[in-house]
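Visitor: The structure's right below; bear with me while I get my questions together.
Any read-out appearing in this document is the output of simple, stated calculations on the displayed coordinates, not a laboratory observation. Quantities reported herein were computed from a predicted structural model and do not represent experimental measurements. Cβ: placed from backbone, ideal geometry, glycine included. Neighbour counts: every protein chain shown.
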Amino acid sequence: DAGITQSPRHKVTETGTPVTLRCHQTENHRYMYWYRQDPGHGLRLIHYSYGVKDTDKGEVSDGYSVSRSKTEDFLLTLESATSSQTSVYFCAISAGTASTDTQYFGPGTRLTVL
Amino acid sequence: AQSVSQHNHHVILSEAASLELGCNYSYGGTVNLFWYVQYPGQHLQLLLKYFSGDPLVKGIKGFEAEFIKSKFSFNLRKPSVQWSDTAEYFCAVNAPGSARQLTFGSGTQLTVLP
């Protein structure tokens, strides 16, 4: 499973509170991603990183920020959580060359915003 | 921008029936194609992938997919499904060089009746 862990695995929080989700990988992959999964939408990319301190926005980045200060950790922060951010969040890494790039996923974090 | 369509949202089959799940994408250039499976309560696992070469690719657990470039399709097939194949199936596409970003379809829920 590409050595990806996510923490916490489950979290319940209240509207307006900050939340940080952590993704940790053990195999020194350069590319890391955060997705959210909602019924009927598949997975949608929130942010991704292509190196330490190098990040970019995805399709649904509003309300989210990320940081990557070490190769192995990619943090997703909801500055002020809203009920629309209730979702399952998956981290992924990219392995392979640019032409054979394949993403592998972590176990997910289920976030509920009340 | 790329998009991926999975027209079957929910498929119900009996054990031993044959399976074909549709996936169509919109992108005019070279693409890499993937099928992922998500068993209940679990993360996404890679079923199979296509980069180039033989358009018929075989994956794990007896699944295969055929890339038909003229139809922009990458349909997933299995000759005889089992109850344990009950899961959600996602098709995904990326274009080599697209900052390694995957675009997912909305998923197809497969229910196999014993």
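Visitor: Take the cross-link list A:Lys70/B:Lys49; B:Lys49/B:Lys78; A:Lys11/B:Lys58; A:Lys11/A:Lys70; B:Lys49/B:Lys71 and give me the ones stretching past 27 Å between alpha-carbons.
Guide: On the way: A:Lys70/B:Lys49 30 Å; B:Lys49/B:Lys78 15 Å; A:Lys11/B:Lys58 38 Å; A:Lys11/A:Lys70 24 Å; B:Lys49/B:Lys71 18 Å.
Violating the 27 Å limit, Cα to Cα: A:Lys70/B:Lys49; A:Lys11/B:Lys58.
Visitor: Over the whole of B:71-79, what's the average partner chain Cβ count within 10 Å per residue? Rounded to a whole number, please.
Guide: 0
Visitor: Could I ask something else about it? Count, for each residue of A:36-46, the Cβ atoms from other chains sitting within 10 Å of its Cβ, then give me the mean as a whole number.
Guide: Mean partner-chain Cβ count within 10 Å for A:36-46: 4.
Visitor: Taking 1 over the mean of 1/r across every pair of different Cα atoms in the stretch A:43-114, what Kirkwood radius in Å do you get?
Guide: By the Kirkwood definition, the hydrodynamic radius is 13.3 Å.
Visitor: With no solvent and one equal point scatterer per Cα, compute the Debye intensity ratio I(q)/I(0) for the stretch B:19-69 at 0.14, 0.17, 0.23, 0.26 Å⁻¹ and report its log10, rounded to two decimals.
Guide: -0.39, -0.57, -0.96, -1.15
Visitor: I would also like to ask the following. Given the convex hull over the Cα atoms of the stretch B:58-114, what projected area results after averaging over all orientations, in nm²?
Guide: 4.9
Visitor: Still on this structure: Please list the equivalent ellipsoid semi-axes of the protein assembly as shown, computed as the square roots of five times the alpha-carbon gyration tensor eigenvalues, in descending order and whole angstrom.
Guide: Taking √(5λ) for each eigenvalue gives 29, 21, 15 Å, largest first.
Visitor: How large are Rg and Dmax for chain B when calculated on the C-alpha trace, in angstrom?
Guide: Over chain B's Cα set, Rg and Dmax evaluate to 13.6, 44 Å.
Visitor: Same structure again: Please average, across the residues of A:96-107, the number of beta carbons from any other chain that are within 10 Å of each residue's own beta carbon, and give a whole number.
Guide: Partner Cβ neighbours, averaged per residue: 6.
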